[in-house]
2 protein chains.
Amino acid sequence: MSLLVTGSIGIDTVETPAGRRDEVIGGSAIYFSYAASFFSPVRLVGVVGEDCPKSFFNVFSDREVDTTGLETRKGSKTFRWHGSYVKDLNEAVTVEVDLNVLAERAPKIPQNFVDSKYVFLANTHPILQQELLGLLKSPKLVVADTMNLWITTERPELLKLLKKIDGLVLNDGEARLLTEKKNLIEAAREVLNLGPKFVVIKKGEHGCVMCSQRDTFVLPAFPADRVIDPTGAGDSFAGGMMGYLATQGNCSSATIKRALAFGTVVASYTISDFSLSGLQQTTRDHIDDRWHEYKQAMSF
Amino acid sequence: MSLLVTGSIGIDTVETPAGRRDEVIGGSAIYFSYAASFFSPVRLVGVVGEDCPKSFFNVFSDREVDTTGLETRKGSKTFRWHGSYVKDLNEAVTVEVDLNVLAERAPKIPQNFVDSKYVFLANTHPILQQELLGLLKSPKLVVADTMNLWITTERPELLKLLKKIDGLVLNDGEARLLTEKKNLIEAAREVLNLGPKFVVIKKGEHGCVMCSQRDTFVLPAFPADRVIDPTGAGDSFAGGMMGYLATQGNCSSATIKRALAFGTVVASYTISDFSLSGLQQTTRDHIDDRWHEYKQAMSF
C-alpha cells in the first residue's frame, strides 16, 4: 500500500575513520526513501534550495520513488550538515549545520499523495509534523521520529503529536530525555502512556527495543564487521521497517517484528559505505538472504 | 558432567541507585557457582581468609555446590571489594579494593576434583590459571575469563593461556584492548586467531556476541525493567552458560547458543536484587519460563 515520507533532504559532508566525502546526498527522507523502496513504492515529500544539484536525484532513477512531492524552492538554500565520526563511530559530532530551507515553511503534499495509507513523519518540528499529518485523508499507520531539540524546546507540541500517531521511533538518549526514565524498558512503557500504540527505541550498534501494550521485543544489530559511515542508519532502519509494513496490510506484533528485522538488515547495508553507496550496491535478494542469515545468527 | 570453577570469593560492599549493602558475599566463583548450580553440580575451588564469615557459605546449603575445594587460609584476609554504580548502572566505580589472599598462592585443587571435565577459569593471574589447568587430568571443555589488568601487564602469559583453552569470555572493552580492533566482530575473529575455538564478548546491558570459526551469534540482554545491582552479572552469565553446557555432553554451535541464552536469563535474575538475593529467589522452573519468554521476545 501507498507509503509517504516527509523529512529532510540535505547536502552532507561526512568524515569517518575510513575517509571523507564532501557534499554528498543525505537527509532523513532520502535514506528512508531509498531503504523503503526495496519493499514498496515510496512517495517522497521534501524541499531543497536552488543550490541542490539536480543530479542528486538520479539515485532514484531506477527506484520506485515518486519525487512529485520534491519542491525546489527559489531563493532558498538546501539544508547542509557536516558531521564527523572520527572519534567515535557510534556518535556523530556536528562540525557545522545550516538549516536553510528547513527553517522555512513545510513543503506541500501533492494532491495525489493525500490518500497515502502508510506515513512516516521523519524528524522535524512537531508543529510541522502535525500540519503535514492534518493534510492526509485517512492514513492507516502513522509513525514519527523526533529529536532532543524538540523534546526539550517543544514538549507540549510533541505531546500533542504523540496522541495522533500509531508508532514512535527514537533513539535511546531521546527516549530517556522524553520520559526521564533511565531504564529503556521503563522508558518505552512510559512512551506508550503518552499515546503511541508502539514505540521503537534505536540503540545504534546495539540494536533496538520495541514495546507495545502486549509485547516487548529486543533485537541486536546485524553483526557487521565493516562500518564505514553510520550516517542515515536510523532513517534506513525506519525505511526498511515501514517499507515492509506497507506491503503487509496488517500491523500485528509478528508483522512489526519481521519489519524491525528488515529495518535492521537494510541499515547494515547503509553503514557499509558512504552516503547512499551501501544501499545502492545491494538488492532485495541480498537483503532477503541477509535477513535469513540474521535470523539464524540469533535463533536458538 | 562434572563442572569445576576456580575464581575469587569476596566480601563486597556495593552502592547502587537502589541502596547500599555492606560486607555481603561476592566474587566471581560465588556468582558462577550459584548460577551454574541451577543446571549442574558444581565443584568450587577458592580461598578466603580467616575473617570470612562461615555463614556466607550457607547460601550453598541447598545447592549442589561442592565446597571441598574451599580453603580458609590461616593468617590471611579475604578479598574485599567496594564498588559503586550510583553514577552509572552499567559501570562499576571501584571505591576500594584489597586483594588480600588473592595476591597469595592459588588454592589447591582437591584430588577428587582433578577429573573434572568442564572447567571455568574465572578471572585471575594468567600464570595461576595455567597452573590450575595443569593440575587437571583430561578436561573436555576449558573456558576462561580475564581482565584489563592482565591484558596490559601479562600479555605473554595470557597469550600462552589462550593456546590452552577452548573458549574465552570477556567484555567488550577487554576484547578491544586485547586485539586492538574497535569493531567487536573483528575483535572476536582476532581472538580466534589467538587460540580459542570460540569467544564470547559480553556487552552488559547490550547482550553478547559469540564467534567461532563457523558461526557468529548475537544476543540482546533480557529486557529487564528492574536493575538493582549489576554485580556478578557477567559471572552469573558464564555460570549459566557453563552449567548448561555441562549437562549436554557436546559443544555444537546450537548447544553453545542455547547455553548463552541460559546465561543471559540467569544473569537477569542476578541484577534484579543485591548480591546473591536475586538468584536465591529464583528456581530452575522460573529460569526455564523466562528462557522461553526471552526466545519469544526476539523470534520473528
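DSSP beta bridges in the protein assembly as shown, what fraction antiparallel, as a percent rounded to 5?
If we restrict to bridges inside the protein assembly as shown, about 40 percent are antiparallel.
Taking only C-alpha pairs under 8 Å that are 6+ residues apart, what is the relative contact order of segment B:164-300 in percent?
18
Taking 24 Å as the cut-off for C-alpha to C-alpha distance, list the pairs among A:Lys140/A:Lys160; A:Lys257/B:Lys197; B:Lys108/B:Lys164; B:Lys117/B:Lys163 that go past it.
A:Lys257/B:Lys197
Considering only DSSP beta bridges with both partners in chain B, what is the antiparallel share in %, to the nearest 5?
About 40 percent, rounded to the nearest 5.
Taking the full set of protein chains and a 1.4 angstrom probe, give the accessible area of B:Lys181 in square angstrom, rounded to the nearest 10.
Accessible surface of B:Lys181 is approximately 70 Å².
Using the Kirkwood radius over C-alpha pairs as Rh, can you work out the diffusion coefficient of the protein assembly as shown via Stokes-Einstein at 10 °C, viscosity 1.306 mPa s, in µm² per second? Walk me through the numbers before you get to the answer.
Numbers: Rh = 25.6 Å.
In µm²/s, the coefficient rounds to 62.
Kirkwood hydrodynamic radius, computed over distinct alpha-carbon pairs, for segment A:38-181: how many Å, to one decimal?
Roughly 17.0 Å, rounded to one decimal.
Calculated FRET efficiency, B:Glu131 and B:Ser299, Cβ-Cβ r, R0 56 Å, to nearest 0.05? Display every interim value, and only then the final one.
Numbers: r = 44 Å, r/R0 = 0.78.
Computed FRET efficiency for B:Glu131 and B:Ser299 comes out at 0.80.
Given A:Val93, A:Ser8, B:Tyr269, which one lies farthest toward the positive end of the charge dipole of the protein assembly as shown, if we put +1 on the Cβ of every Lys and Arg and -1 on the Cβ of every Asp and Glu?
B:Tyr269
Would you please classify the overall shape of segment A:1-86 from the alpha carbon gyration tensor, given that a ≥ b ≥ c denote the square roots of the eigenvalues, rounded means a/c under 1.5, and beyond that prolate means a/b larger than b/c while oblate covers the rest? Show your work: numbers first, answer last.
Values: a/c = 2.16, a/b = 1.32, b/c = 1.64.
Oblate, since a/c reaches 1.5 and b/c is not below a/b.
Mean residue ellipticity at 222 nm from the helices of chain A, using -39,500 (n - 2.57) per DSSP H segment of n ≥ 4 over the full residue count, to the nearest 500 deg cm²/dmol?
Calculated mean residue ellipticity at 222 nm is -10000 deg cm²/dmol.
Hey, rough spin-label estimate for A:Leu192 and A:Asp285, points 7 angstrom out along Cα→Cβ, what's it come to in nanometres?
4.1
Averaged over B:174-187, how many beta carbons belonging to a partner chain fall within 10 Å of each residue's beta carbon?
Neighbouring Cβ atoms belonging to other protein chains average 2 per residue here.
Among the complete DSSP H segments of chain B, which ones combine at least 24 Å of alpha-carbon extent along their axis with a mean Kyte-Doolittle hydropathy of 0.0 or more?
Counting only whole DSSP H runs, the qualifying helices are B:253-270.
Roughly how big is the B-A contact, given as buried accessible area in Å² (both sides, 1.4 Å probe, nearest 100)?
Rounded to the nearest hundred, the buried surface is 2600 Å².
For segment B:54-121, what is the accessible area per residue in Å² when the probe is 1.4 Å?
59
As an exercise, take the mean of 1/r over every pair of distinct alpha carbons in chain B, invert it, and state the Kirkwood radius in angstroms.
19.0
Below 8 Å between Cα atoms, with a sequence gap of 6+, how large is the relative contact order for chain B in percent?
18
Placing unit charges on C-beta atoms (Lys and Arg positive, Asp and Glu negative, everything else neutral), compute the dipole magnitude of the protein assembly as shown about its Cα centre in debye, rounded to 20.
For this selection, approximately 980 debye.
Grab the beta carbon distance between A:Glu23 and B:Ser252, set R0 = 51 Å, and tell me the FRET efficiency rounded to 0.05.
E(calc), rounded to 0.05, equals 0.50.
Quick one: putting +1 on the C-beta of Lys and Arg, -1 on the C-beta of Asp and Glu, what dipole do you get for chain B around its Cα centre, in Debye to the nearest 20?
Charge dipole, chain B, about its Cα centre: 960 debye, nearest 20.
What figure in square angstrom, to the nearest 10, would you give for the accessible area of B:His292 with a 1.4 Å probe?
Here the accessible area works out near 110 Å².
May I ask you to give the percent of accessible area on segment B:183-245 that is carbon plus sulfur, with a probe radius of 1.4 Å?
The computed percentage sits at 44.
Given 0.36 nm per residue, what is the gain on full extension from B:Leu99 to B:Lys160 after removing their alpha carbon distance, in nm?
19.5 nm is the gain from fully extending B:Leu99 to B:Lys160.
The values are calculated or read from the model by the stated rules, or taken from the named source; none is laboratory data. Bear in mind that the values here come from a model prediction, so they are computed numbers and not experimental data. Counting neighbours? That spans all protein chains shown, and the Cβs are built from the backbone with ideal geometry, glycine included. Only protein heavy atoms, including side chains, enter the accessible area calculation; ligands, DNA and RNA are left aside. Shrake-Rupley method; radii C 1.70, N 1.55, O 1.52, S 1.80 Å.
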